[in-house]
Structures are given as C-alpha cells and as structure tokens.
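S.K.: Please find one structure pasted underneath; my questions will follow.
The values are calculated or read from the model by the stated rules, or taken from the named source; none is laboratory data. Treat the numbers as computed from the prediction; the structure is a model and nothing was measured. Glycine gets a Cβ as well: all are built from the backbone with ideal geometry, and neighbour counts include every protein chain shown. Each accessible area value is taken on the protein alone, full model and side chains, heavy atoms only, with ligands, DNA and RNA left out. Shrake-Rupley method; radii C 1.70, N 1.55, O 1.52, S 1.80 Å.
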Amino acid sequence: AQSVTQPDIHITVSEGASLELRCNYSYGATPYLFWYVQSPGQGLQLLLKYFSGDTLVQGIKGFEAEFKRSQSSFNLRKPSVHWSDAAEYFCAVQNTGNQFYFGTGTSLTVIP
Amino acid sequence: DTGVSQNPRHKITKRGQNVTFRCDPISEHNRLYWYRQTLGQGPEFLTYFQNEAQLEKSRLLSDRFSAERPKGSFSTLEIQRTEQGDSAMYLCASSLARRTETNSPLHFGNGTRLTVT
C-alpha cells in the first residue's frame, strides 16, 4: 500500500538558515511525488513535483527537492529561509490509480 | 485561471442538520477531488470524479456523505445528519488529466471549514 511519512512534526529554524524537510514514501512502482505548502486557513499550494528524469527538481519560492530511490526519500530543501516560509508543508505521492496520499505534515516556525 | 473556488468558507451547524458545500474547479480541469483535513493531519481522500463520473470513494465516506458533479463542472458535497466528528476542513482540488499524461498535480481551493456543535 502507498504511504508517506514525514518524520518531523515541527521544525524551528532561524531566518536565513538552511532548511531540510524529510519525506519518505512507500510505493512499489516509480512514484510521482509532490510537495505542497499550506498557510493557516488556506488550501494547499504546489511547491514542486517529480515525475521522472532529473532527480533534483526546482520549485517555486526557492525550494528544491531531491528524489532518492535507494532511500525512498524526497526531501525538501531551501538554502536560506525567509520569515514568510513559516507554514505547514505536506509531501504527497500519486499512484497510477490517480490517488494522492499525503503525509501528516511538518509545521515550520521561522524565528528572526 | 481563477483557481479552485469553494463556498462557503465557513459553516457552523447543529448536530443532525444537513449541509452542502460547493466546489468550482479550474474550468478546463476534468478531474475533481474531495478531501477532508483535521487539525494536525494531512488531507484524507474522500472521493474523486473524472468529468461527471464518480470513479472512486473512500471507505471513510459513510452513507451520510454524497457527492455529485452533474455536468462535469462544479461539484457538491452533502453531509446528512451531521455529527460532531464531521467537524473538519473540506478541501476540493482539481487537475487536468490527458490521455497521454495521466500524472498531473492537484490544484486546491481554500477549503470549507465545518464546525458541528
């Protein structure tokens, strides 16, 4: 069965510091992977996606993610965090049946 | 592209009442999904449509829940005889699936927050 694990429930970083949010997935075939961001009271906004090809994908707002098949991971990174990045981040996997499975999310706090 | 629109944004209802939510997807999108999200959790799949056909329903979706997409455009989600456990954010998302490209990201609306008292 497909599943997504985000091991970190909450992360706090200083503004300007680098960020890495972890995501591990369980899926038998080649996964389609996504990262979404959600601000309080809002829907989810797509940050980036991986379908195939280059394992390092670039997204909006300066985010990137690297697909590592050997580790079943798709970690999200940003070199320098801004206060406006504080939000909830969700990793998701899509299966061939057009179902999307989301992790439980990582809440990011940015301190000045 | 006006994005996915959901109405109402907030709904407070008493236990036992019926509620209906509406979702207007991005106009050219043929797939429409409903998710439920509770505090501290990721979205949980409820059901999805391809055009007007409801292709899959989650086991989470009890008989009190029904969704329609009559003309393949907007969709409604109705909850009958609401219970306090139905309190959650109900998210709608749409995507464009082409025959040659089945993988397509979801575009979410801002959700309808339901509170059952």
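S.K.: Quick one: B:SER58 ticks every box in (1) within 13 Å of chain A (Cβ to nearest Cβ); (2) touching a residue at least 24 places away in the same chain (Cβ under 8 Å) bar one, so which box is it?
M.R.: Result: B:SER58 fails condition (2) only.
S.K.: Looking only at region A:15-31, which residues are in a strand (DSSP E or B), modelled with pLDDT of 95 or more and surrounded by 14 or more Cβ atoms within 10 Å (Cβ to Cβ)? Full working, then the answer.
M.R.: Of region A:15-31, the ones in a strand (DSSP E or B) are A:19-21, A:24-26.
Pick out the ones that are also modelled with pLDDT of 95 or more and you get A:19-21, A:24.
Hits for region A:15-31 are A:LEU19, A:LEU21, A:ASN24.
S.K.: Inside region B:68-84, can you point out the residues that are out of contact with any Asp or Glu (no Cβ under 6 Å at 6 or more places or on another chain), open to solvent by less than 20 Å² (accessible area, probe 1.4 Å) and either farther than 26 Å from A:PRO40 by Cβ or in a loop (DSSP other than H, G, I, E, B) (or both)?
M.R.: Passing the criteria: only B:THR82.
S.K.: Every residue in region B:85-117 that is among the small types (Gly, Ala, Ser) and open to solvent by 60 Å² or more (accessible area, probe 1.4 Å), please. Before the answer, list the steps.
M.R.: To start, the set of residues in region B:85-117 that are among the small types (Gly, Ala, Ser) comprises B:85, B:87-88, B:93-95, B:97, B:104, B:109, B:111.
Across region B:85-117, the qualifying residue is only B:GLY85.
S.K.: Collect the residues in region B:50-67 that are aliphatic (A, V, I, L, M) and in a strand (DSSP E or B), keeping them in residue-number order. Reasoning before the result, please.
M.R.: Applying the first criterion (aliphatic (A, V, I, L, M)) to region B:50-67 yields B:53, B:55, B:60-61, B:67.
Correct list: B:ALA53, B:LEU55, B:ALA67.
S.K.: Then there is this: Would you mind stating whether A:ALA87 is over 27 Å from B:ALA97 (Cβ atoms), within 14 Å of chain B (Cβ to nearest Cβ) and open to solvent by less than 50 Å² (accessible area, probe 1.4 Å)? Break it down into steps so the answer makes sense when it comes.
M.R.: On the way: over 27 Å from B:ALA97 (Cβ atoms): yes; within 14 Å of chain B (Cβ to nearest Cβ): yes; open to solvent by less than 50 Å² (accessible area, probe 1.4 Å): yes.
The answer is yes for A:ALA87.
S.K.: I need a count of the residues in region B:31-52 that are surrounded by fewer than 18 Cβ atoms within 10 Å (Cβ to Cβ) and under 19 Å from B:VAL4 (Cβ atoms).
M.R.: Narrowing region B:31-52 to residues surrounded by fewer than 18 Cβ atoms within 10 Å (Cβ to Cβ): B:38-41, B:44, B:50-52.
Cutting the leftovers down to under 19 Å from B:VAL4 (Cβ atoms) gives us B:44, B:50-52.
So the answer is 4.
S.K.: Take region B:85-117 and flag every residue that is more than 14 Å from chain A (Cβ to nearest Cβ) and not in a strand (DSSP E or B).
M.R.: The first filter runs over region B:85-117 and keeps only residues more than 14 Å from chain A (Cβ to nearest Cβ), leaving B:85-87, B:116-117.
The answer is B:GLY85, B:ASP86, B:SER87, B:THR117.
S.K.: How many of the residues in region B:1-46 are touching a Cys at 6+ places or on another chain (Cβ under 7 Å), among the aliphatic types (A, V, I, L, M) and more than 11 Å from chain A (Cβ to nearest Cβ)?
M.R.: Of the residues in region B:1-46, 1 are touching a Cys at 6+ places or on another chain (Cβ under 7 Å), among the aliphatic types (A, V, I, L, M) and more than 11 Å from chain A (Cβ to nearest Cβ).
S.K.: Could you say which residue among A:THR12, A:THR104 is part of a strand (DSSP E or B), touching a residue at least 60 places away in the same chain (Cβ under 8 Å) and open to solvent by 50 Å² or more (accessible area, probe 1.4 Å)? Working first, answer last.
M.R.: Numbers: A:THR104 fails: part of a strand (DSSP E or B).
Step by step, each of A:THR12, A:THR104 is checked, and only A:THR12 is part of a strand (DSSP E or B), touching a residue at least 60 places away in the same chain (Cβ under 8 Å) and open to solvent by 50 Å² or more (accessible area, probe 1.4 Å).
S.K.: Turning to a different aspect of this structure: Which of (1) open to solvent by 50 Å² or more (accessible area, probe 1.4 Å); (2) over 30 Å from A:ASP8 (Cα atoms) is the odd one out, the single condition B:SER62 does not satisfy?
M.R.: (1)
S.K.: Please tell me if B:GLU68 is closer than 19 Å to B:VAL19 by Cβ and of a type in the set (Asp, Glu).
M.R.: yes
S.K.: Return the pairs, sorted by first residue and then second, in which the second residue is surrounded by 19 or more Cβ atoms within 10 Å (Cβ to Cβ) and modelled with pLDDT under 90, the first residue lies in region B:88-99 and is of a type in the set (Asp, Glu), the beta carbons are less than 6 Å apart, and the residues are 6+ apart or on different chains.
M.R.: Once the first residue is of a type in the set (Asp, Glu) and sits in region B:88-99, no partner that is surrounded by 19 or more Cβ atoms within 10 Å (Cβ to Cβ) and modelled with pLDDT under 90 comes close enough.
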